[in-house]
Amino acid sequence: MQDFEFHRPENVAGAVTAQKRAKDGKFLGGGQSLIPVMKLGLAAPSDLVSVAGLKELRGIRREGKDLVVGAGTTHAEVAGSAEVRAAIPALADLAAHIGDPQVRNRGTLGGSLAHDDPAADYPAAVLALGATVQTDRRTLAADAFFVGMFQTALQPDEVIVAVRFPLPEKAAYAKFPHPASRFALAGVFVAKGPAGVRVAVTGAGPGVFRSKELEAALGKRFAPDALQGVAVPKDGLTGDPFGSAEYRAHLVSVLARRAVAACG
Ligand SMILES: Cc1cc2nc3c(=O)[nH]c(=O)nc-3n(C[C@H](O)[C@H](O)[C@H](O)COP(=O)(O)OP(=O)(O)OC[C@H]3O[C@@H](n4cnc5c(N)ncnc54)[C@H](O)[C@@H]3O)c2cc1C
């Protein structure tokens with residue numbers, strides 16, 4: 001790994017300033033994606049600006065009909081939060097099945113969204129629940145946040161501060177985990193909420209996406225058998241040694257039915 005300067009700013013403004021001054025800096029959350037990427041030599045930032053412990057990124061709270069989760073909240077904290085479990089149990093369950101205990105105790109919501117791994121779990125929840133991502137300077141709707149493989153609408157010096165989730169009427173996540181990493185070979189998050197029925201798919205393509213076929217069928221009737229015979233096109237889906245595009249398309253339909261059934 002190449003040498004880098006380490007910064008521990010006191011607040012978000014300090015983090016943004018440090019990042020602006022750096023030649024090729026990166027924010028550091030829990031380090032569960034960035035450090036492996038650096039170890040593999042796929043990134044060699046000149047500076048690491050830690051945002052992990054910043055107070056402004058902490059906290060889980062209900063605000064009216066929304067649940068607001070600080071970007072620095074670890075996966076373990078989301079999984080173990082009584083507030084999250086009461087408001088959106090599917091989100092607590094999703095967090096409980098990310099990686100392993102080590103990853104869950106260090107990795108953060110903000111880091112997962114900024115990294116935008118095409119097989120990550122949180123992007124599916126954020127997109128299906130129609131959440132908004134609050135940064136140090138603006139609010140981004142989920143539909144505009146995820147741009148492509150490992151790509152978001154964030155500027156290089158923009159910090160995710162929190163995510164605002166509108167409370168759904170019903171929501172569930174079903175994933176087929178890769179047996180080694182626990183990342184999603186495919187994962188489907190279904191939600192029925194203020195913005196209607198939204199279905200987000202992760203792991204199956206080059207980035208998280210909404211399935212218009214599944215949304216149309218569930219919009220007519222929100223029940224597992226409403227998905228009978230509804231095929232998800234394999235075009236554009238990922239085919240790799242772990243599963244062909246056809247296999248993933250089939251998995252997505254099966255997982256969507258399981259998720260709707262889990263909504264009760
Ligand atoms: C063995 C293993 C298994 C895993 N399994 C899963 C899994 O099953 N499902 C899953 O979804 N993920 C999985 N992960 C990834 C894990 O969830 C990471 O925690 C997450 O992707 C990144 O969060 P982090 O806080 O560690 O971010 P970091 O690694 O510190 O940073 C990742 C990126 O986000 C940026 N960043 C961090 N915080 C912010 C912020 N607040 N604002 C703006 N940019 C920010 C960084 O600059 C960097 O580009 C796994 C990781 C490992 C190592």
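The table for this structure:
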read-out: Selection from the stretch 190-215 of residues that are in contact with a helix residue (DSSP H, G or I) (Cβ under 9 Å, 6 or more places away or on another chain) and either surrounded by fewer than 15 Cβ atoms within 10 Å (Cβ to Cβ) or among the hydroxyl-bearing types (Ser, Thr, Tyr) (or both); value: Gly196, Thr202, Ser211
read-out: Residue in the stretch 216-233 that is touching a Phe, Trp or Tyr at 6+ places or on another chain (Cβ under 9 Å) and either in a loop (DSSP other than H, G, I, E, B) or surrounded by fewer than 24 Cβ atoms within 10 Å (Cβ to Cβ) (or both) present; value: no
read-out: Evaluation of Gln32 against (1) more than 21 Å from Pro156 (Cβ to Cβ); (2) open to solvent by 70 Å² or more (accessible area, probe 1.4 Å); (3) within 8 Å of the ligand (Cβ to nearest atom) (one fails), failing number; value: (1)
read-out: Residue within the stretch 183-192 that is over 17 Å from the mean Cα position of the chain (by Cα), over 19 Å from Gly148 (Cβ atoms) and of a type outside the set (Phe, Trp, Tyr) present; value: yes
read-out: Test: Arg61 is over 14 Å from the mean Cα position of the chain (by Cα), basic (Lys, Arg) and assigned to a helix (DSSP H, G or I); value: no
read-out: Residues of the stretch 43-58 classified as away from the ligand (no atom under 11 Å from the Cβ) and either at pLDDT below 95 or assigned to a helix (DSSP H, G or I) (or both), total; value: 2
read-out: Test: residue in the stretch 156-176 that is at pLDDT below 95 and among the hydrophobic types (A, V, I, L, M, F, W, C); value: no
read-out: Hey, Ala153 free of Cβ contacts under 8 Å to residues at least 40 places away in the same chain, farther than 20 Å from Leu91 by Cβ and within 12 Å of the ligand (Cβ to nearest atom) or not; value: yes
read-out: Ala86 vs. criteria surrounded by 14 or more Cβ atoms within 10 Å (Cβ to Cβ) and modelled with pLDDT of 95 or more; value: no
read-out: Count - residues of the stretch 70-84 that are within 12 Å of the ligand (Cβ to nearest atom) and not in a helix (DSSP H, G or I); value: 5
read-out: From the options Gly130, Gly187, Gly107, residue that is more than 11 Å from the ligand (Cβ to nearest atom), crowded, with 18+ Cβ neighbours inside 10 Å and modelled with pLDDT of 95 or more; value: Gly130
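Yes/no matrix, rows are residues, columns are (1) open to solvent by less than 90 Å² (accessible area, probe 1.4 Å); (2) out of contact with any strand residue (DSSP E or B) (no Cβ under 7 Å at 6 or more places or on another chain):
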| site | (1), (2) |
| --- | --- |
| Phe4 | yes, no |
| Val37 | yes, yes |
| Gly41 | yes, yes |
| Leu48 | yes, no |
| Gly53 | yes, yes |
| Leu57 | yes, no |
| Arg62 | no, yes |
| Gly70 | yes, no |
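The values are calculated or read from the model by the stated rules, or taken from the named source; none is laboratory data. Keep in mind that what you see is a predicted model, and the values were worked out from it rather than measured. Counting neighbours? That spans all protein chains shown, and the Cβs are built from the backbone with ideal geometry, glycine included. Keep in mind that these areas ignore ligands, DNA and RNA; they rest on the heavy atoms of the full protein, side chains included. Shrake-Rupley method; radii C 1.70, N 1.55, O 1.52, S 1.80 Å.
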